[in-house]
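Undergrad: Input: one structure, supplied below.
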Amino acid sequence: MTARLAGPRALTRYREALTRARDPGRRVVSVCVGTGCRANGAREVYAALRAQAEKHGVACEEQSRATGCLGFCQCGPLLSVAPEGIVYQHVRVADVPEIVERTLLGGETVERLLYVDPATGRPCRTEEEIPFYHRQQRVLLRDNALLDPTSIDDYIALGGYSALCRAFEMGPVAVLEEVKRSGLRGRGGAGFPTGRKWEACRDAAGDLRYVVCNADEGDPGAFMDDALLEGDPHSVLEGMIIGAFAIGAREGYVYVRQEYPVAVERITRAIDQARDLGLLGESVLGSDLSFDVRVSRGGGAFVCGEASAMMASLEGRRGVPRRRIIHLSERGLWGRPTNLNNVETWANVPQIVLRGADWFRSMGTERSTGTKIFSLVGKVNDTGLVEVPMGATLRDIIFGIGGGIPGGKGFKAVQTGGPSGGCLPAEKLDTPVDFDTLVAEGSMMGSGGMIVMDEDTCMVDVARYFLRFLASESCGNCTSCREGLWRLRDLLGDIAEGRGTRDTIALIEELADTVKATSLCALGTSAVNPVLSTLRHFRDEYLAHVDDKRCPAAVCKALITFSIDPDACNGCTLCAARCPQGAISGEKRQPHTIAPELCIKCGICRDVCPRDAVRVH
Amino acid sequence: MDVRLTIDGHEAKAPKDMSLLDVVRRVGGEIPALCHHEGIAPIAACRLCLVEVRRPGRGEAVLTTSCDYPVSEGLEVVTASPRIRRHRAMNLQLLLPYAPDAPALHEIAESLGVTAPLFAPVTGAPLPGCILCELCVRVCAALGYHALAAIGRGDHKRVGPPFGRSVATACVGCGACHEVCPTGCIAMEDTATTRRIWGRELELFTCRRCGKPFTTVAHRTVMVARGDIPAESCDLCETCRSRDYARRLAPVR
Ligand SMILES: Cc1cc2nc3c(=O)[nH]c(=O)nc-3n(C[C@H](O)[C@H](O)[C@H](O)COP(=O)(O)O)c2cc1C
Ligand code: SF4
Ligand code: SF4
Ligand code: FES
Ligand code: FES
């Protein structure tokens, strides 16, 4: 255990000692072991790398690190080599010997492991050459590539905790003013101005205050917060310490979902390391600030991400939202003033303190400042985590960074804001992504989920899919939400299965109106977004389902039929052999036919037909 | 401290922070409510007690539930507008399929002009008739037994013994939940000597004076142990207990 640092100057000396010991030009190999890459065997790649390097007498302890998510999960496992900045994609254990021999020892590039820009066909050697990266502005995610998240020394060597020292110099009032002036708004969904929230908590009556970090991240498919906590936990922790200093809090909690065991482990370790160095505990860095943080694990209910439900859960009660007439800033955890911020909100704080509010305001738009991390998934070529300045358009993100829609298909819609976000059509692609514009368009920022859908997507089916999730994740308190959501889900089911009429649509709208107007928390009031936004932007598609009993995207099984185009079919018999129902008949080299009464619309025939002769209407 | 507010244009006075629903009811106003009890903290589950409120200097009137809304100075309250009635009616429609025969729901339906149900009755509910107001859970907790709980979430939510057990092991059979349930869906059956409730079969305790069974042995034991009323009173049914008190008061008179 290292001795506690007595003050800011001791921290500076500690950092200087670290940098002196480290050669800036040394070669470092980083393997991403973030969630995505891990699932593709990154840990095994890392182990193989260390074994190989050792075999060749390369001091690997010093020269290799396992990092958090680098964002380009689509191409993982990723391996990068500094100082050259070479990035290898889809690295397998079998590739490791070649990398060690040719790159580490020989100084060459292994061409076949480079990412190839599909637009130009050119291999990209470094991050800067990859379009996915060079159109981003990575402020929060930048350091993920540069540090081992289990090492506080890595963080400090990169300048970590100097924002805290700066905060001590400025004093709590100036820090809060700086955060206010930066225009930072909460990244957890509602976009509430962070400085104002801090101020309310600081000014609330009471002697014990809490700061809490919301790392519940319940949106399916979103992993921004996970990537920050796993990849750069100290940045979140430093933000919380600065917040506690500005607000006057003595205790903090990080509420992490149970399903993020690695994030739990990383933040827990980071807290222990910070405490050992005197960055937490009594008299932080020799100052008057006494502050400590505990980790609390959430059971994984989506609703526990809601502020009042989270407080209940932290207190050991059932995670159910309650009305807040008196704001949590005044009466939160155990009735005491509490300031809750999202992981990404906290991670922005050290940067603002260090680089100033003006720098922060220089990114983004007037009313939505700074950058935002999105998790870009669905029918888009390059999926992953992208960080862009607020106000970037949907087109910039989906086409510029994400590389557009795979397979030459057309773009149909994008859902922003997690399961209860709205779906925006192609006409809205030039919408700037900021808090207020998205809400005006019937969607929301949420915490940064972005799901891209192509022309093969049925919007009725999409709305039904999200309602299914929300109906089961409602805490079940309110009649409107608990009953309303499953009714909506079933009414959408009626439409998808051919039982819907125009009355069904009218009832959906009436019911959605009540759910939105009378539910207690934002889960209920926003849960109707997927239905209402698709009704608003894709009404024709709903009408095709109810009037013509037709699913234009050919998704809703009850409304489609499969047939074989006799002009295209050459009678290869492949489909007949594969149909699980034996529904296809025909002579060899003669056009085949499908018996509709036997067909279960599994689509296998369409997939196997070498001549694209199977039609769906 | 009292605050002044207006309810449908009439001025009223009430203690600050008192539940708006209670205040309206005290001045004779009517608001439908299925999950409220004056003595128990509100959870605002049924979403029927909707009203519109406007706080001084706060622009438009907002739609809100009244049971969990603390009154404040200058509040302007509207208890029935077309918007309020429309949303109350929809939420009632969502509950009706669970308890299509419950008089409490019919009464509200009538007051809202709801004549035809929008949805067919729900069959196969874990506790037929239950509308998930959680009054049973809350009254049981308020009495200190915690024998019941809300379990699960979303469309799987239900009430019953905690952890999904079939028997409420902490239940003493006092019958408070049965009493408070708005739809009367909690089964409580007394035979000559036992009471069945929440999967338990509890021995009945008979009044020492009149010999009538009036509660369970387990409940009486708790009453004695808590000492809120004199031990000897715990052995008497309510009628005999009142008589007993009256008799003891006699000399003073
Ligand atoms: C149903 C629901 C789920 C939520 N889930 C999260 C979450 O996973 N993470 C989060 O930071 N905020 C979540 N929020 C928002 C929080 O209630 C709260 O606004 C936020 O944590 C405040 O932090 P911020 O101001 O930094 O955004 C959720 C809200 C609702 C209504
Ligand atoms: S859709 Fe499935 S069942 Fe129908 S014809 Fe094709 S393979 Fe057979
Ligand atoms: S059993 Fe009765 S009191 Fe309990 S939640 Fe259901 S309706 Fe309410
Ligand atoms: S997990 Fe490796 S790039 Fe995202
Ligand atoms: S009485 Fe207010 S919500 Fe039920």
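The values are calculated or read from the model by the stated rules, or taken from the named source; none is laboratory data. For clarity, every value in this text was computed on a predicted model and none was experimentally measured. Cβ sites come from the backbone with ideal geometry, for glycine too, and all protein chains shown count toward neighbours. When the accessible area is computed, the model is the full protein with side chains, heavy atoms only, and any ligands, DNA or RNA have been set aside. Shrake-Rupley method; radii C 1.70, N 1.55, O 1.52, S 1.80 Å.
Undergrad: State whether the residues of segment B:80-97 include one that is within 16 Å of ligand 3 (Cβ to nearest atom) and within 17 Å of A:Lys516 (Cβ to Cβ).
TA: yes
Undergrad: Moving on. Could you tell me how many of the residues in segment B:18-61 are within 16 Å of ligand 3 (Cβ to nearest atom) and away from every other protein chain (no Cβ under 11 Å)?
TA: 7
Undergrad: Further question on the same structure: Considering only segment B:167-220, state which residues are in contact with a Cys (Cβ under 7 Å, 6 or more places away or on another chain), open to solvent by 60 Å² or more (accessible area, probe 1.4 Å) and part of a strand (DSSP E or B).
TA: The answer is B:Arg200, and nothing else.
Undergrad: Of all residues being surrounded by fewer than 20 Cβ atoms within 10 Å (Cβ to Cβ) and either in a helix (DSSP H, G or I) or among the small types (Gly, Ala, Ser) (or both) in segment A:300-342, which is modelled with the lowest pLDDT? Just the residue, please.
TA: Ranking the candidates gives A:Gly300 first.
Undergrad: Only one residue in A:Val377, A:Val388 is more than 16 Å from ligand 4 (Cβ to nearest atom) and part of a strand (DSSP E or B). Which one?
TA: A:Val388
Table: residues versus (1) among the acidic types (Asp, Glu); (2) away from ligand 5 (no atom under 11 Å from the Cβ).
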site: B:Asp22; (1), (2): yes, no
site: B:Arg26; (1), (2): no, yes
site: B:Glu30; (1), (2): yes, yes
site: B:His36; (1), (2): no, no
site: B:Pro42; (1), (2): no, no
site: B:Ala45; (1), (2): no, no
site: B:Leu48; (1), (2): no, no
site: B:Pro56; (1), (2): no, yes
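Undergrad: Being within 14 Å of chain B (Cβ to nearest Cβ) and of a type in the set (S, T, N, Q) is true for just one of A:Ser290, A:Ser329, A:Ser296, A:Ser308. Which residue is that?
TA: Sole residue among the options that is within 14 Å of chain B (Cβ to nearest Cβ) and of a type in the set (S, T, N, Q): A:Ser308.
Undergrad: Look at segment B:55-69 and say how many of its residues are modelled with pLDDT of 95 or more and either in contact with a Ser or Thr (Cβ under 6 Å, 6 or more places away or on another chain) or over 13 Å from A:Ala517 (Cβ atoms) (or both).
TA: Adding up the residues that qualify gives 4.
Undergrad: Could you look through segment B:122-145, keep only residues that are over 16 Å from the mean Cα position of the chain (by Cα) and either within 13 Å of chain A (Cβ to nearest Cβ) or under 16 Å from A:Arg482 (Cβ atoms) (or both), and pick out the one that is nearest to ligand 4 (Cβ to nearest atom)?
TA: B:Pro126
Undergrad: Condition check: away from every other protein chain (no Cβ under 11 Å) and outside any helix (DSSP H, G or I). Does A:Ser563 satisfy that?
TA: yes
Undergrad: Kindly indicate which of A:Arg275, A:Arg297 is assigned by TED's automatic domain parsing to the domain that holds A:Gly248, open to solvent by 30 Å² or more (accessible area, probe 1.4 Å) and closer than 18 Å to A:His234 by Cα.
TA: Residue meeting the stated conditions: A:Arg275.
Undergrad: Then there is this: Kindly establish whether B:Val114 is open to solvent by less than 20 Å² (accessible area, probe 1.4 Å), among the β-branched types (Val, Ile, Thr) and more than 10 Å from every other protein chain (Cβ to nearest Cβ).
TA: So B:Val114 fails the test.
Undergrad: I've got another one for you. Run down A:Val414, A:Val439 and say which single residue is out of contact with any Phe, Trp or Tyr (no Cβ under 8 Å at 6 or more places or on another chain), modelled with pLDDT under 95 and more than 16 Å from ligand 2 (Cβ to nearest atom).
TA: None of the others qualify; the one that does is A:Val439.
Undergrad: Okay, moving on. Select from segment B:146-158 the residues that are among the small types (Gly, Ala, Ser), in a loop (DSSP other than H, G, I, E, B) and facing chain A (nearest Cβ under 9 Å) and list them in ascending order.
TA: Looking only at segment B:146-158, we keep the residues that are among the small types (Gly, Ala, Ser), and these are B:147, B:149-150, B:152, B:154.
Those left that are additionally in a loop (DSSP other than H, G, I, E, B): B:147, B:152.
Passing the criteria: only B:Gly152.
Undergrad: Pick from B:Pro97, B:Pro82, B:Pro121: which is on the phi < 0 side of the Ramachandran plot and open to solvent by less than 10 Å² (accessible area, probe 1.4 Å)?
TA: B:Pro97
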